[in-house]
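Here's the structure, in structure tokens; my notes come after.
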Amino acid sequence: MTTLVYLIPVALFLGALGLAGFLWALRSGQYEDLEGAAERILIDRDDRPDGLTGRAKMRP
Amino acid sequence: MSCCAPGAETALDVVDPVALPSSDEVRLASRSLGGGTHQTALSVPTVHCGACIHIVETALSTLEGVESARVNLSTKRVLVRWHGDQVPPFFATLGRLGYRAYLFDPETGKGDTILSELIRAVAVSGFAAANIMLLSVSVWSGAQGATRDLFHWVSALIAIPALAFAGGIYFRSAWNALRHGRMNMDVPIAVGISLAYAMSLYETITHGEYAYFDASVSLLFFLLIGRTLDHVMRERARTAVSGLSRLAARGAIVLRRGRVREYLPVGEIEAGMDLMIAAGERVPVDGDILNGSSDLDCSLVSGESTPRMVSPGAHIQAGTLNLTGPLTLRATAAAKDSFLAEMVRLMEAAEGGRSQYRRIADRVAGLYAPVVHLAALVTFLGWMAASGDWHLAGTIAIAVLIITCPCALGLAVPIVQVVAARRLFDAGVMVKDGSAMERLAAIDTAAFDKTGTLTLGRPRLVNAPSIDKALLAIAAELATHSRHPFSKAIAAFSGSCNQQRPASISEHPGFGIEATTQGQVWRLGRREWAEWKAYCGGEGQHGTCSGTVLSRNGVVVASFDFEDAARPDAGTAVKELKDAGLSVEILSGDTGKACRDVARSLGIGSFMPSLLPSGKVEHIEALTRAGRKVLMVGDGLNDTPALGAAHVSMAPATAADIGRNAADFVFLRESLLAVPLALDISRKAGRLIRQNVAIAIVYNVFSVPIAISGHVTPLIAAIAMSASSLIVVANAMRLQASTKPARKARTPYMVVQPR
């Protein structure tokens, strides 16, 4: 019983962390172009985000 | 140019410079980001691998003024940011590389807020369902007393955000339906999950044994997955359709006080303004010609396959394509009062039959929800009478509601439609909405437009073998200098032998092309114009001796016969439709003779020529009154009202903009086999949907007695509900497996020609 008192919050916190991570990725536009992301690793050049990826933020 | 741009070589041929959007048009379609920076969205359908991304991005970002270019491979779009007054030559650059690009409207480039809401809801409910399920498993494996209460309390807490956020979608939809006196599948879902939560909370407070938090949240999770997939599929189809080239003009050059030229968007053009229409542009508003003569392609407007010759004084309609010479036009109506707008009004007036259609899921829900709620009520009253314990009676009644909560039914329809839409998508057919497939499965009559639908709307030279090779080569050489569809057909025969280049070539809009070589005057064009040494009628008169000829010094040396080329597989498609039990008709605005030829060659028994747009609607409405369900396939502006009036409608990718938006299905490839394929898949999907509904009902027949007798525990509810959902999904997947893979289709994506 005593172990549950801290194990359950820990489990929930880790799960929530994963959820927050997913929601962040969604907001920052990482799901905008899944096919493109798969192909882009083959292009040999700098792959700094150029601001156009985060289209979600610029929407009116 | 590269391995991966199918049709790129042919695309190069059709890119003719005038048909590309002018820089004024690009500026109009761009969004200003402030500070002199603009953002333009282009649709590039032929981008589809890493190399394409690299080529397109490198080429665009090296242009002067371009800040950045980013390809989105999933949506086949390119976002370009640029600054300065000069619009960089995007289209020419991409055209040289073999990628045909289209301008995208800024408003269609907006994000999809519903999709992101759905995905967030799936994530939240998935998180909640997984955690509650873990806690439930420990309860099922024998957690007792205080531990069980703790688990229940934690579950109740986790379920709150899931119900509030993810469940909100269902609560809103159910409330909307009830407020309008309708019933949909969301009503029993909303009632079920909220009652389950309320009862479980009561049980938790009173230290009860059974709580259904897991059932209510995992139900939400499953249903949201189905709903999200459905939305993604439809959104993909809509994106693909909106990425097609826009055929209506965006604006036109207006002559102010006879001198000043100004590019105005279509919406700002008023009656009385003078417009300049270059060869290759579409006419934006109705008007009278002040100056110039040309040939007009009316195929999209009236269905006529032969271009019409126009001269000063003639009245022309919005939507026609100016082929050969520049025109000055006095607008007689603003865009909102033009032919196009009239078609939209006709279409809206005709859209009665479709809105009356009730979706299968809603019809099932209309019967299902009252039956289930009644069963729960009867259970409650029965147990009250038998035991007198209202707590026991309430618990069992709510268990009935939970076990009958239409998890499988909620998935039964959308999952099949997602799988079917996916199959059609692979075959190049876009489905705008799930009910379209249900409606298509029910049709018994198919009505086709002729020009542009059964035919390609492009003439083909039919008597080439009988023409002297040398003369044909000369004609082809001349023909390459014109945009007239007949010239394009003749020009297709060029390139075989090396001809001496003619010294001077000039095009006489409305008449033909004249060239001078070594003292000889060659003319290719209308007979009455080319054959000036003979007795045949004067210039500008049609009729008696029309036809296209090649003349040398005024004497006809060769004549050309054309025929509108039928779409590939049109005959096979018509035959397949007939075999499927449909009656096939042609509804056309073209002449009786042209219709008869096409009808005979395709084996279609009945055709109605020379129909006005309202005539097509009347015919379809007459059929509908006679109890027929009509599929309308058409591409022109004049078909649009008929597309709206029909039970279900289809349009090719080359259709007019509003036609494409009005149609339920849009097929992107040239082959007409898309029509029988869509019919076949829709009918199969209809069968699977009925099977799925039957499975869901059988499930209820078995589970409801168990629930009414009071033997349902949360464990049984979880197993029964997941099992029925899995069976339904697996059954839907059979659609993917049963039909033979048609992924490698014969024709690649159609190159949308400037028509």
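Checking the structure you have, find out if any residue of region B:50-66 is touching a residue at least 60 places away in the same chain (Cβ under 8 Å) and among the hydrophobic types (A, V, I, L, M, F, W, C).
Quick first cut of region B:50-66, residues touching a residue at least 60 places away in the same chain (Cβ under 8 Å) only: none.
Checked region B:50-66: no residue is touching a residue at least 60 places away in the same chain (Cβ under 8 Å) and among the hydrophobic types (A, V, I, L, M, F, W, C).
Just to check your reading of the model, which residue among B:VAL260, B:VAL283, B:VAL266 is closer than 14 Å to B:ALA331 by Cα, surrounded by fewer than 20 Cβ atoms within 10 Å (Cβ to Cβ) and among the aliphatic types (A, V, I, L, M)?
Numbers: B:VAL260 fails: closer than 14 Å to B:ALA331 by Cα; B:VAL283 fails: surrounded by fewer than 20 Cβ atoms within 10 Å (Cβ to Cβ).
Only one candidate passes the filter, namely B:VAL266.
Within region B:490-499, does at least one residue satisfy the condition of being open to solvent by less than 30 Å² (accessible area, probe 1.4 Å) and not acidic (Asp, Glu)?
Applying the first criterion (open to solvent by less than 30 Å² (accessible area, probe 1.4 Å)) to region B:490-499 yields B:490-491.
Among the residues that remain, those that are also not acidic (Asp, Glu) are: B:490-491.
Yes: region B:490-499 contains one or more residues that are open to solvent by less than 30 Å² (accessible area, probe 1.4 Å) and not acidic (Asp, Glu).
Out of everything in region B:420-432 that is open to solvent by 10 Å² or more (accessible area, probe 1.4 Å) and assigned to a helix (DSSP H, G or I), what residue ends up being farthest from B:MET185 (Cα to Cα)?
Taking the candidates together, the pick is B:ASP426.
Based on this model, can you work out whether A:LEU7 counts as more than 8 Å from every other protein chain (Cβ to nearest Cβ), modelled with pLDDT of 85 or more and either within 18 Å of the chain's Cα centre (by Cα) or on the phi < 0 side of the Ramachandran plot (or both)? Give the derivation first.
Numbers: more than 8 Å from every other protein chain (Cβ to nearest Cβ): yes; modelled with pLDDT of 85 or more: yes; either within 18 Å of the chain's Cα centre (by Cα) or on the phi < 0 side of the Ramachandran plot (or both): yes.
It is true that A:LEU7 is more than 8 Å from every other protein chain (Cβ to nearest Cβ), modelled with pLDDT of 85 or more and either within 18 Å of the chain's Cα centre (by Cα) or on the phi < 0 side of the Ramachandran plot (or both).
I'd like the residue in region A:10-22 that is out of contact with any helix residue (DSSP H, G or I) (no Cβ under 6 Å at 6 or more places or on another chain) and of a type in the set (A, V, I, L, M) and, out of all such residues, is farthest from the other protein chains (Cβ to nearest Cβ).
A:VAL10
Could you list, in sequence order, the residues of region B:627-663 that are of a type outside the set (S, T, N, Q), open to solvent by 10 Å² or more (accessible area, probe 1.4 Å) and in a loop (DSSP other than H, G, I, E, B)?
B:GLY627, B:ARG628, B:LYS629, B:HIS647
Given the criteria more than 25 Å from the chain's Cα centre (by Cα), open to solvent by less than 20 Å² (accessible area, probe 1.4 Å) and closer than 27 Å to B:LEU229 by Cβ, does B:ALA121 qualify? Give the steps one after another, and end with the answer.
On the way: more than 25 Å from the chain's Cα centre (by Cα): yes; open to solvent by less than 20 Å² (accessible area, probe 1.4 Å): yes; closer than 27 Å to B:LEU229 by Cβ: yes.
Here the answer is yes, as B:ALA121 does meet what is asked.
In region B:144-160, which residues are more than 10 Å from chain A (Cβ to nearest Cβ) and either among the hydrophobic types (A, V, I, L, M, F, W, C) or under 20 Å from B:LEU224 (Cβ atoms) (or both)?
B:TRP153, B:SER155, B:ALA156, B:ALA159, B:ILE160, listed by residue number.
Going through region B:707-723 one residue at a time, which ones are open to solvent by 50 Å² or more (accessible area, probe 1.4 Å) and among the aliphatic types (A, V, I, L, M)?
Those that are open to solvent by 50 Å² or more (accessible area, probe 1.4 Å) and among the aliphatic types (A, V, I, L, M): B:ILE708, B:LEU715, B:ILE716, B:ILE719.
What is the number of the single condition among (1) surrounded by fewer than 16 Cβ atoms within 10 Å (Cβ to Cβ); (2) more than 10 Å from every other protein chain (Cβ to nearest Cβ); (3) of a type outside the set (Ser, Thr, Tyr) that B:MET133 does not meet?
(1)
Residues checked against (1) assigned to a helix (DSSP H, G or I); (2) modelled with pLDDT under 85; (3) open to solvent by less than 90 Å² (accessible area, probe 1.4 Å):
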residue	(1), (2), (3)
A:ALA11	yes, no, yes
A:GLY15	yes, no, yes
A:ALA25	yes, no, yes
A:LEU42	no, yes, no
A:ALA56	yes, yes, yes
A:PRO60	no, yes, no
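List pairs: first in region B:557-585 and aromatic (Phe, Trp, Tyr), second assigned to a helix (DSSP H, G or I), Cβ under 7 Å, 6+ apart or cross-chain?
Between residues of region B:557-585 that are aromatic (Phe, Trp, Tyr) and residues that are assigned to a helix (DSSP H, G or I), the close pairs are B:PHE560/B:ILE490; B:PHE562/B:PHE486; B:PHE562/B:ALA489.
Looking at the structure I just gave you, is B:LEU440 surrounded by fewer than 23 Cβ atoms within 10 Å (Cβ to Cβ), assigned to a helix (DSSP H, G or I) and among the hydrophobic types (A, V, I, L, M, F, W, C)?
no
Just to be sure, is B:ILE695 in contact (Cβ under 8 Å) with a residue 40 or more places away in the chain, open to solvent by 50 Å² or more (accessible area, probe 1.4 Å), of a type in the set (A, V, I, L, M) and part of a helix (DSSP H, G or I)? Don't jump to the end; show me each part of the working.
Details: in contact (Cβ under 8 Å) with a residue 40 or more places away in the chain: yes; open to solvent by 50 Å² or more (accessible area, probe 1.4 Å): yes; of a type in the set (A, V, I, L, M): yes; part of a helix (DSSP H, G or I): yes.
So B:ILE695 fits the description; yes.
Applying the selection to region B:117-130, what residues are among the hydrophobic types (A, V, I, L, M, F, W, C) and more than 8 Å from chain A (Cβ to nearest Cβ)? Spell out the reasoning first.
Just the residues of region B:117-130 that are among the hydrophobic types (A, V, I, L, M, F, W, C), to begin with: B:118-119, B:121-124, B:127-130.
Matches in region B:117-130: B:LEU118, B:ALA121, B:VAL122, B:ALA128, B:ALA129.
List the number of the failed condition for B:THR113; all other conditions in (1) within 11 Å of chain A (Cβ to nearest Cβ); (2) buried (at least 17 other Cβ atoms within 10 Å of the Cβ) hold.
Going through the list (1) within 11 Å of chain A (Cβ to nearest Cβ); (2) buried (at least 17 other Cβ atoms within 10 Å of the Cβ), B:THR113 breaks only (2).
Residue check: is B:ARG625 at pLDDT below 90 and under 22 Å from the mean Cα position of the chain (by Cα)? If you could, list the steps in order and put the result at the bottom.
Details: at pLDDT below 90: yes; under 22 Å from the mean Cα position of the chain (by Cα): no.
For B:ARG625, the condition - at pLDDT below 90 and under 22 Å from the mean Cα position of the chain (by Cα) - is not met.
Restricting to region B:443-478, name every residue that is part of a helix (DSSP H, G or I), surrounded by 23 or more Cβ atoms within 10 Å (Cβ to Cβ) and among the polar types (S, T, N, Q).
Answer for region B:443-478, where residues must be part of a helix (DSSP H, G or I), surrounded by 23 or more Cβ atoms within 10 Å (Cβ to Cβ) and among the polar types (S, T, N, Q): B:THR451, B:THR453.
Report the residue count in region B:67-96 for those that are buried (at least 19 other Cβ atoms within 10 Å of the Cβ), more than 12 Å from every other protein chain (Cβ to nearest Cβ) and not aromatic (Phe, Trp, Tyr).
So the count comes out to 4.
Determine, yes or no, whether B:ALA174 is without any contact (Cβ under 8 Å) to a residue 24 or more places away in the chain, open to solvent by less than 70 Å² (accessible area, probe 1.4 Å) and more than 14 Å from chain A (Cβ to nearest Cβ). Quick ask: steps written out before the conclusion?
On the way: without any contact (Cβ under 8 Å) to a residue 24 or more places away in the chain: yes; open to solvent by less than 70 Å² (accessible area, probe 1.4 Å): yes; more than 14 Å from chain A (Cβ to nearest Cβ): yes.
In short, yes.
Among the residues of region B:639-660, what is the count of those that are among the polar types (S, T, N, Q) and either touching a Lys or Arg at 6+ places or on another chain (Cβ under 7 Å) or within 16 Å of B:VAL429 (Cβ to Cβ) (or both)? Show your work before the answer.
In the first step, residues of region B:639-660 are kept if they are among the polar types (S, T, N, Q); the result is B:640, B:649, B:654.
Restricting the remaining residues to those that are either touching a Lys or Arg at 6+ places or on another chain (Cβ under 7 Å) or within 16 Å of B:VAL429 (Cβ to Cβ) (or both) gives B:649, B:654.
The total comes to 2.
What number goes with the only condition from (1) more than 21 Å from A:GLN30 (Cβ to Cβ); (2) in contact with a helix residue (DSSP H, G or I) (Cβ under 9 Å, 6 or more places away or on another chain) that B:GLU64 does not pass?
(2)
Residues being within 9 Å of chain B (Cβ to nearest Cβ) and open to solvent by 70 Å² or more (accessible area, probe 1.4 Å): count how many of those fall in region A:27-38. Talk me through it step by step, then tell me what you get.
Initial filter on region A:27-38 (within 9 Å of chain B (Cβ to nearest Cβ)): A:27, A:31-38.
The next check asks that each one be open to solvent by 70 Å² or more (accessible area, probe 1.4 Å); those that pass are A:27, A:31, A:34-35.
So the answer is 4.
Among the residues of region B:284-307, how many are farther than 16 Å from B:ALA655 by Cα and under 30 Å from the mean Cα position of the chain (by Cα)?
If we filter region B:284-307 for residues that are farther than 16 Å from B:ALA655 by Cα, which is where we start, we get B:284-296, B:306-307.
The next check asks that each one be under 30 Å from the mean Cα position of the chain (by Cα); those that pass are B:284-286, B:296, B:306-307.
The total comes to 6.
Would you pick out the residues in region B:29-57 that are more than 14 Å from B:PRO88 (Cα to Cα), within 23 Å of the chain's Cα centre (by Cα) and not aliphatic (A, V, I, L, M)?
Across region B:29-57, the qualifying residues are B:SER43, B:PRO45, B:THR46, B:HIS48.
In region B:684-712, what residues are hydroxyl-bearing (Ser, Thr, Tyr) and either more than 20 Å from B:ALA399 (Cβ to Cβ) or under 38 Å from the mean Cα position of the chain (by Cα) (or both)? Steps first, answer last, please.
Of all residues in region B:684-712, those hydroxyl-bearing (Ser, Thr, Tyr) come to B:699, B:703, B:709.
Of everything in region B:684-712, just one residue is hydroxyl-bearing (Ser, Thr, Tyr) and either more than 20 Å from B:ALA399 (Cβ to Cβ) or under 38 Å from the mean Cα position of the chain (by Cα) (or both), namely B:TYR699.
Just checking, how many residues over region B:35-63 are within 11 Å of another protein chain (Cβ to nearest Cβ) and open to solvent by 30 Å² or more (accessible area, probe 1.4 Å)?
So the count comes out to 6.
The values are calculated or read from the model by the stated rules, or taken from the named source; none is laboratory data. Quick caveat, the model's predicted, so the values are computed rather than measured. Every residue, glycine among them, receives a Cβ derived from its backbone with ideal geometry; neighbour counts consider all protein chains shown. Each accessible area value is taken on the protein alone, full model and side chains, heavy atoms only, with ligands, DNA and RNA left out. Shrake-Rupley method; radii C 1.70, N 1.55, O 1.52, S 1.80 Å.
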